[in-house]
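Following: one structure in structure tokens, then a few remarks.
The values are calculated or read from the model by the stated rules, or taken from the named source; none is laboratory data. As the structure is a computational prediction, the values presented were derived from the model and not from experiment. Positions of Cβ are generated from backbone atoms using ideal geometry, with glycine treated the same way; all protein chains shown enter the neighbour counts. When the accessible area is computed, the model is the full protein with side chains, heavy atoms only, and any ligands, DNA or RNA have been set aside. Shrake-Rupley method; radii C 1.70, N 1.55, O 1.52, S 1.80 Å.
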Amino acid sequence: MHRIAALIRQQSVFVAALLLGLPVVGAGLFAPEWLDHRSGQMHGLIIDHFGWGYLIAGLIFLVFPIILAFSRYGNLKLGKDHEKPQYSYFGWFSMLFAAGMGIGLIFWSVAEPLSHFVDPPQSLVGRSPEAAKFSMVHSFYHWGMHPWAIYITISLAIAYFSFRRGMPPLISSCFYPLLGNRIYGRAGHAIDVLAVFATVFGIAASLGMSALQISSGLAEVSPLDGSQGLTLGIIGAITVLFLLASITGLDTGIQVVSKINILMALVLMAFIFIVGPTSYILNVFTTSLGGYFSSLLTMSLNANPFEGHDWTKNWTLFYWAWWISWSPFVGLFVASISRGRTVREFVLGALLVPSLLTFLWFSVFGGAALHLQLVEGRDIAASAVQDVPRALFEFLGYYPFTPSLTVLAILLLVVFFVTSAASATYVLAMMTSKGNLTPSVSKKIVWGIYQSAAAAGLIVSGGLVGLQQLAIAAALPFTLVMLLLCVSLFRAMKYEFTVERGKPPGAGMNLET
Amino acid sequence: MFESALIPLRFDEPPELVQSLTSFLRNFETRTIVLVHVVSSGLESVSGAERRLWKLSGQLAGEGYNIETVVRTGSPALEICTVAAQRELSFICIPWRTKSFLQRTLLGNTTVDVARLTDVPLFVYKPHGRKMETTRLESVLYAASLEGGHEQIVPYLRDEHLAATRLYVLHVGWRAPDPWSELTRREEIFHRLSAIRNECEGSFETIETISAVGNVRRHILREAREREVELIVMGKHEHEKEHTLDTMLGSTAERVTHEATVSVLLIPSRRIGTKQEAPCTE
């Protein structure tokens, strides 16, 4: 009995996260309408009343790492001074990109620009050239530097406290300067459980959505009917794959899968770029990039209170909450692959390269889709908006070698799916093993099956949207956690410079100023 | 260390407050008092101010002080600091008068401005009903920065005129980024505070060292309140490069001077060993 009690105490985050998650998943399975209704209410309330907070926080998360990168702290190494980066640039970028947003890019690269084109805020006329420009600039905005900055903020803190200060790679570790030894108590556990929650719900919802898209893609190129059975079969098969990738670990499984992934994505993008309207795509890229940078600040703080607030709520605020709810998982994963890089290298690398790749991706797919719509007169926008998972496959239908392209896109989805889920499983196991960088296989299996079972069950019950809304609701407390994280990280770095590099321990305390 | 004092007067101070202050200064064995009034508005004449100061000086001379009077025109805080520096006075002594938030916002607070500008020690007298003028100080809180400058403050603490029964030496800092560095930091601070305690040994019956983590100003005020100290002693260090936030919000020393409910002695670190200069040219 004592041994069981001791075991539970030792595994408190794991047990608490597992048990507390069950009622939510249970509600999604057995009372999906109730979960959808309640989480929708909560989600609506948060977005209605704290939407402005997400915008301000999003801008802070963008500015904060940039300031750090260009300050004296930019030379600090995320590891001991002599350490070298563990992964090559290609391996690092591949894993960054695959874990961060790969699967979402495939899902939205055609659908999002077309949705904004058809249904922009009230101040613009739908299907107009202005709406087209707006759609591209805002797709850049939603998928550009802000999400990466959110991930960077959290991973920078985790990497600094873990690899430089020798603490376990947990989000609670980053709060030592503020909480002291309370990070080992309830306060620290609450932070870690919240992070596990956001990750589990976010990944389960994302897995479900992706399985639906793969299913609709398979229905395009095969006699399969895209039924629920097929979707569940896809989840089952992919679960086996991502568990294998996760069990083999970062160095082999996840890294190799990520590299395959990025190569396949580049092949698909290059094909559309070359075969499609190349000059038009480049024009879209250049114009949207200019529009993005020239209106970055305006967009960052634009809640559209006078006209188009609903649009902002449905898109921008949704995305910001979504990125924040994903940030514990991506942050921990990105931190674990960034050991040995300097703060400046990390911030600039993780901010600029993935953002640039995202801009290219959207320009190629979104630009080519708009070309079909505006220049070639093929109305794909309406159907893309109606059936978002099918949008990419419908778009590919206008290109030569459609079946091969569709298979490639499905493969890409599968591999992105596997990478995200494998990384999430690894991170969940790590978070619930007191930050052990090589968590046990059994824990990976438990979390892998837990996520997949939740996703599968929610597809059957129809509670997927409810769970997604709940993940977004978890983003509100996590935004506060992240803001405090910035304070904690800044304080720690300042301490290192003002105290540990030559001055006495009282330095930098502003007593006698 | 406390031979000569500058007392700025606005003429709206309650007579009992000035009385209480001059009585208290006997503890310091202050011999010379320079009464200063700064005419800062067109509604007041210099000659009128001189007459009022002269009348006051007559009353104080009866208590055994050498009294001088100075009337200046201009910015009160700047003029007070200038007179103190030019005459090489030991300290500036201001009887504290509480101002409402609105008064403070609209009219400013001369004491806090003096705290910001002065290179001469500043004693802000806040009696708050305690009979400090007649008895020896019970307890003093020294808010020690370990950045340097305490070697200039310790002589004041050891001065027999400031002697009290209890001394609390408080250091407040930020927690180190990890548990191991925090342990080192605590050990280091313990040694440094112990060194200060050893230096002050003999001047106080009991000396207690306190190390705290968090907001400096808040901790100083809390410790002063909870330990019921009568005087807070702290340094005022002129950093080569001031932080913008401090410039906007006021330094810790300025804010403690303003927010403390007990008297505050502020000692600028430039004071000792350097020739005092006027903060501005006339």
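Straightening the chain between A:V240 and A:I60 buys 60.8 nm, computed as 0.36 nm per residue apart minus the Cα-Cα spacing. Any chance you could give the angle, 0 to 90 degrees and rounded to 10, that helix A:145-159 forms with the longest Cα principal axis of chain A? The angle comes out at about 30 degrees.
Which order, highest average first, do B:87-95, B:197-205 follow once you tally other Cβ atoms within 10 Å for each residue and take the mean per peptide? Walk me through the numbers before you get to the answer.
Working: B:87-95: 21.2, B:197-205: 14.4.
Result, highest mean Cβ count within 10 Å first: B:87-95, B:197-205.
Solvent exposure of segment A:280-348 amounts to 35 Å² per residue of accessible area, where only protein heavy atoms count and the probe is 1.4 Å. For segment A:425-430, the Karplus equation 6.51 cos²θ - 1.76 cosθ + 1.60, evaluated at θ = phi - 60°, returns couplings of 4, 4, 5, 4, 5, 5 Hz by residue, with Gly and Pro reported as x.
Averaged over peptide A:176-183, the number of partner chain Cβ atoms lying within 10 Å of each residue's Cβ comes to 4. With a Förster radius of 35 Å applied to the C-beta separation of B:R222 and B:T73, the computed FRET efficiency comes to 0.30.
Since only A:Y184, A:M264, A:V347 are under comparison, the one whose Cα sits farthest along the positive direction of the charge dipole of the protein assembly as shown, derived from C-beta charges on Lys, Arg, Asp and Glu, is A:Y184. Under the classification rounded if a/c is under 1.5, otherwise prolate if a/b is larger than b/c and oblate if not, where does segment B:4-125 fall, given a ≥ b ≥ c as square roots of the Cα gyration tensor eigenvalues? Here segment B:4-125 falls in the rounded category.
Chains B and A together bury some 2600 Å² of accessible area, summed over both sides, with a 1.4 Å probe. Reported to the nearest whole Å, the Cα centre-to-centre distance from segment A:95-151 to segment B:137-205 is 59. Judged by the mean number of other Cβ atoms found within 10 Å, the most tightly packed of the peptides A:472-482, B:45-55, A:319-329 leads the ranking A:319-329, A:472-482, B:45-55.
Once all protein chains are placed together, A:Y280 keeps about 70 Å² accessible to a 1.4 angstrom probe. Using only Cα atoms and rounding to the nearest 10 degrees, what angle (0 to 90) does helix A:343-374 make with the longest principal axis of chain A? Once rounded, the angle reads 10 degrees.
Accessible area, 1.4 Å probe, largest first: how do B:L35, A:L230 sort? Display every interim value, and only then the final one.
Values: B:L35 0, A:L230 35 Å².
Heavy-atom accessible area, descending, gives A:L230, B:L35.
Which sequence of A:K494, A:K443, A:K84 reflects their accessible areas, 1.4 Å probe, from the largest down? Before the final figure, lay out each step's value.
Working: A:K494 60, A:K443 20, A:K84 150 Å².
My answer, sorted largest first, is A:K84, A:K494, A:K443.
Neighbouring Cβ atoms from other chains, within 10 Å of the Cβ of residues in B:167-173, number 3 on average.
Just checking the output field for B:189-198: average partner chain Cβ neighbours within 10 Å of each residue's Cβ?
Working: counts 3, 0, 1, 3, 1, 0, 0, 0, 0, 0.
Counting Cβ atoms of other protein chains within 10 Å of each residue's Cβ and averaging gives 1.
Percent relative contact order of segment A:13-499, based on C-alpha pairs within less than 8 angstrom and at least six residues apart? For segment A:13-499, the relative contact order is 38 percent. Under the rule a/c < 1.5 gives rounded, and otherwise a/b versus b/c splits prolate from oblate, where does segment B:137-268 land using the Cα gyration tensor? Oblate shape, in that a/c is at least 1.5 and b/c is the bigger or equal ratio.
From the square roots a ≥ b ≥ c of the eigenvalues of the alpha-carbon gyration tensor of segment A:1-97, which class results: rounded (a/c under 1.5), prolate (a/b over b/c), or oblate?
Working: a/c = 2.46, a/b = 1.33, b/c = 1.85.
Cα axes put segment A:1-97 in the oblate bin.
Restricting attention to chain A, the count of lysine pairs at 8 or more positions apart or across chains with alpha carbons under 19 Å apart stands at 5. The label point for A:L352 and the one for B:A61, both projected 7 Å from the Cα toward the Cβ, are 7.7 nm apart. In chain A, the longest principal axis of the Cα atoms and the axis of helix A:278-294 are about 40 degrees apart.
Dividing the summed -39500 (n - 2.57) terms of all DSSP H runs of n ≥ 4 by the residue count of the protein assembly as shown sets its mean residue ellipticity at 222 nm at -20000 deg cm²/dmol.
Close amide H pairs (under 5 Å, H built 1.01 Å from N) link B:L6 with B:V34, B:F91, B:I92, B:C93, residues at least 5 positions away or on another chain.
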